[in-house]
Amino acid sequence: MDKIDNLTEYFSKFPGIGTRQAKRFVYFLLTRNNGYLNELSDLIQELKKDIKVCESCCRFYTPNNSSNNPNLCNICINKNRDRNILMVVAKDTDLTNIERVGNYNGMYFVLGGFVSVLEKYPKQKIKIEKLLNIIQKRMENKELKEIILALSLNPDGENTMEYVSDILKPLVEKHKLKISTLGRGLSTGTELEYLDNNTFENAFKNRV
Ligand SMILES: [Zn+2]
């Protein structure tokens, strides 16, 4: 395997990238100058150094050194956000997109992936234990009324939704929480990552 094939293999592991696109990335890099390549490889090497995982919502964020609570992201420390609603999403990109279209003012939790239909070890695929802990904690502080499962309407998303709601069921019933999904208003196959303002607003208003 030469270096072109080797790097192609790395890129083809990226989400949504096939071998052909991966190869185009490699040839693109070959046309760049050394300055560009050095900067890119520096950025990749430094990426995990300054980025943390938020202790509350589990998203990746850049800590603000002047913050009173450096273990929490800017959404979780924001006192103006509505702590009664917790929106559960699969990926960081879903969260950033919902923030971008932005009329949601509640809190989040990032599961970190999906549970596929035939998955044997779902607990290892998503942060379900952590989600349970967070919900417990919020309940102790009387801070939670509704959980919204905001997952894409594709087979993985729907299976994850079922898995999570089954696990949350006892807690939800015990504390009389409302659990809803963005079902209506999203068409089948919709990726949350690519939502536009109106679709999100409708789906949010019509949550069931
Ligand atoms: Zn957070």
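The values are calculated or read from the model by the stated rules, or taken from the named source; none is laboratory data. Since the structure is predicted, the reported quantities are computational estimates derived from the model, not experimental observations. No Cβ is skipped: glycine too gets one built from the backbone with ideal geometry, and neighbour counts run over all protein chains shown.
Quick look at the numbers
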{"quantity": "Check on Leu149, in contact with a Ser or Thr (Cβ under 6 Å, 6 or more places away or on another chain) and modelled with pLDDT of 90 or more", "calculated": "yes"}
{"quantity": "Which listed residue is charged (D, E, K, R) and assigned to a loop (DSSP other than H, G, I, E, B), from Glu9, Glu46, Glu39, Glu55", "calculated": "Glu55"}
{"quantity": "Any pair with Cβ under 9 angstrom, 6 or more apart, that starts in region 105-124 at a residue that is within 14 Å of the ligand (Cβ to nearest atom) and ends at one that is hydroxyl-bearing (Ser, Thr, Tyr)", "calculated": "Met107/Ser56; Tyr108/Ser56; Phe109/Ser56; Leu111/Thr160"}
{"quantity": "Top-ranked residue of region 58-104 - restricted to ones that are under 21 Å from Leu168 (Cβ atoms) and assigned to a helix (DSSP H, G or I), ranked as nearest to the ligand (Cβ to nearest atom)", "calculated": "Cys76"}
{"quantity": "Region 32-57 - residue that is surrounded by 10 or more Cβ atoms within 10 Å (Cβ to Cβ) and closer than 17 Å to Gly112 by Cα and, of those, farthest from the ligand (Cβ to nearest atom)", "calculated": "Ile51"}
{"quantity": "Yes/no for Tyr108 being assigned to a strand (DSSP E or B) and in the same structural domain as Phe200 (by TED's automatic domain parsing)", "calculated": "yes"}
{"quantity": "Pairs with Cβ under 7 Å, 6+ apart, first in region 159-173 and outside the structural domain of Leu111 (by TED's automatic domain parsing), second of a type in the set (Ser, Thr, Tyr)", "calculated": "none"}
